[in-house]
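The values are calculated or read from the model by the stated rules, or taken from the named source; none is laboratory data. Worth saying up front: this structure is predicted, and the values here are computed from it rather than measured. Here Cβ is always computed from backbone atoms with ideal geometry, including for glycine, and neighbour counts include all displayed protein chains.
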Amino acid sequence: MKKILYPALGAVIIFISYTGFKKLEPSPSISIYGNIPPEEYLTGRFSYSENPLFIKPETLGIPVDSRSHYLRKEAAEALKQMHSAFSAENPGIKLYLSSSTRNFRDQKAIWENKWDSALFNGGGKDPLQKALKILNYSSMPGTSRHHWGTDVDINVLTNDYYETGDGKVIYTWLNTHAREYGFCQPYTKNRRKGYLEERWHWSYIPLAGKFLSGWNSNFGGDDNAFKKAGLFKGSEHAGHLAGMYVNSINDLCR
């Protein structure tokens with residue numbers, strides 16, 4: 001304790017210092033998740049179109065397909081810079097968004113459309129084998145990086161497109177420059193587990209890395225978190241695989 005006399009004020013001001021208090025840090029949920037509980041944000045159980053943390057990328061001049069798109073503002077601003085740099089070097093090639101943020105409901109519709117499709121029901125597949133086939137390219141609801149507002153799919157959603165012509169130019173440029181703007185390809189080839197390669201999928205790592213850590217903190221140690229029957233079609237058969245698929249990414253994207 002210190003006593004300091006301030007004659008001009010005619011007062012003694014007492015300062016008390018005590019090192020036993022834990023330093024308070026701002027809660028990460030305030031800046032990262034806004035007013036949404038982390039477990040809801042991370043699994044896409046919120047309305048991104050009504051969330052002030054999100055913005056339509058087309059309002060920044062980023063080309064999109066015929067649908068409405070939303071991204072976290074930070075990701076959209078970085079994408080704008082990356083798109084401008086690409087277009088300056090390749091004025092004749094169009095780089096545009098094909099997919100962006102999806103909530104739990106959006107991802108459930110994608111998953112269940114595939115679950116009910118004859119394409120995934122043929123050959124007498126048991127439920128787990130059917131789920132594994134869908135998981136080549138589609139996430140279970142609640143486990144998609146697209147829930148976070150950080151991930152985008154560009155142009156054409158086939159790897160072949162990026163082997164020739166405009167697609168090859170785009171992919172080569174992104175492999176060289178995307179990290180300068182915070183973006184990384186999470187699903188590269190030669191990974192031992194998880195989704196197959198997706199050359200069209202790019203993630204804004206300054207935020208996505210924090211969300212990945214948050215997802216693991218909330219769900220990574222619970223194999224049953226996505227196994228509840230009725231959560232989505234096949235959840236009781238495939239839900240235990242959630243953590244493995246979420247974490248089987250390019251190491252450079254962590």
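Structural remarks
- Residue pairs whose Cβ atoms lie under 8 Å apart, sitting 6 or more positions apart in sequence or on different chains, and linking a residue in the stretch 240-252 that is over 17 Å from C184 (Cα atoms) and assigned to a helix (DSSP H, G or I) to a partner that is polar (S, T, N, Q) and at pLDDT below 95, are H240/N224.
- Residues located in the stretch 59-110, provided they are under 18 Å from T172 (Cβ atoms) and among the aliphatic types (A, V, I, L, M): M82, A85, A88, I93, L95
- Only one of the numbered conditions (1) at pLDDT 95 or above; (2) over 27 Å from K210 (Cβ atoms) is violated by S144, and that is (2).
- Selection status of G142, within 21 Å of the chain's Cα centre (by Cα), in a loop (DSSP other than H, G, I, E, B) and touching a residue at least 60 places away in the same chain (Cβ under 8 Å): yes
- Selection from the stretch 184-212 of residues that are in contact with a helix residue (DSSP H, G or I) (Cβ under 9 Å, 6 or more places away or on another chain) and without any contact (Cβ under 8 Å) to a residue 40 or more places away in the chain: K189, E197
- Residue satisfying all of: in the stretch 30-57; free of Cβ contacts under 8 Å to residues at least 24 places away in the same chain and charged (D, E, K, R); surrounded by the fewest Cβ atoms within 10 Å (Cβ to Cβ) among these: E50
- All positions within the stretch 177-223 that are of a type in the set (F, W, Y) and closer than 19 Å to S84 by Cβ: Y181, F183, W202, Y204
- Selection within the stretch 70-96 - touching a residue at least 60 places away in the same chain (Cβ under 8 Å) and assigned to a loop (DSSP other than H, G, I, E, B): Y70, N90, I93, K94, L95
- Checking each residue in the stretch 145-184 for being within 16 Å of the chain's Cα centre (by Cα) and on the phi > 0 side of the Ramachandran plot picks out G149, G182.
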